[in-house]
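The values are calculated or read from the model by the stated rules, or taken from the named source; none is laboratory data. The shown structure was predicted, so the numbers you read here are calculated from the model rather than taken from an experiment. Here the Cβ is made from the backbone with ideal geometry for all residues, glycine too, and neighbour counts use every protein chain on show.
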Amino acid sequence: MQNQDPRNLYRPSEASLDSNPASDMDAIHSSFNLGRALEQGWAAFKDQVGPGVIFVLVGMLVALLLTFTIIGYFLLVPHIMAAFSVGGLYMFRRKLALDVLFKGFSFFGSVLGAYYVTFMINMLIQSPVLVPQVIGYVALIRGEISMVEFNQYMMIPGLLSWPLNAVNLWIGTRFMLAMPLILERNYGAIDSLKASWRQTRPFQWWLLLLMFLSTLIGSLGVIACIVGILISLPLGMAIHGAAIAQLLGEDSAPTQKSGDITPTTE
């Protein structure tokens, strides 16, 4: 078999995708470096800030409009969210355009499957918080407890939500490649989740730190309202996209900075 440049591995032949997508993922020689992802993400953001802002603005408006219908909320919004998961990768490639926003609709069933599998996992993890909260709200509405008692009761689920949110962030890190694999490599829903779990395992703690930083950047944008979101979300996307590029083998440069982990060590 002829050797391939790792930068071209995200464009496998159609035959390899149809026959065994997992074997194609195994061919990737991944490495991850947090410092390099931040550096390349910042560079991509500076080069693509205009398309990034437009992408985020239009994406938010489309998602908002879709939420006004049940079909739109449950069947269409997940595909816009999937597009955001690869938007940063296209910023890394310097090819972000609005047509990327609707790319998920070409993989309708796979996107829905992966989205709702991860959604149910997240809900299951959050159930120790959600169930007591629902019970508390019902008791408050029925007048069985006072507002003071309700606030005291809700303190326990509130404290419990912090470690559970951390677990969900870790789960999101392990599945961060699922949507890119569906949209870029035509993986099925379950295959994409399995491949993402396997591919992120050697780098999971550094990726978790990167995911935390990306989330923090987005949160700062929310605090700064609309203008802040339009800047912070493209920046977070670009950093996220640079990490995905490393995991997919699109960045074949050596990674010798702090935070470097390779799949195998001697």
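Scanning the stretch 83-93 for residues that are closer than 16 Å to Leu248 by Cβ and in contact with a helix residue (DSSP H, G or I) (Cβ under 6 Å, 6 or more places away or on another chain) yields Ser85, Val86, Gly87, Gly88, Leu89, Tyr90, Met91, Phe92. Please go through the stretch 169-201 and pick out each residue that is outside any helix (DSSP H, G or I), on the phi < 0 side of the Ramachandran plot and either of a type in the set (Asp, Glu) or touching a helix residue (DSSP H, G or I) at 6+ places or on another chain (Cβ under 6 Å) (or both). The answer is Phe175, Leu177, Tyr187, Gly188.
Taken over the stretch 63-91, the residue count meeting the criterion of being in a helix (DSSP H, G or I) and over 22 Å from Glu184 (Cα atoms) is 8. Each residue in the stretch 170-188 was checked for being in contact with an Asp or Glu (Cβ under 9 Å, 6 or more places away or on another chain), closer than 16 Å to Gly249 by Cα and surrounded by fewer than 23 Cβ atoms within 10 Å (Cβ to Cβ), and 1 of them qualify.
When you look at Gln204, is it modelled with pLDDT of 85 or more, part of a helix (DSSP H, G or I), in contact with a Ser or Thr (Cβ under 9 Å, 6 or more places away or on another chain) and crowded, with 18+ Cβ neighbours inside 10 Å, yes or no? Judged against the criteria, Gln204 is not a match.
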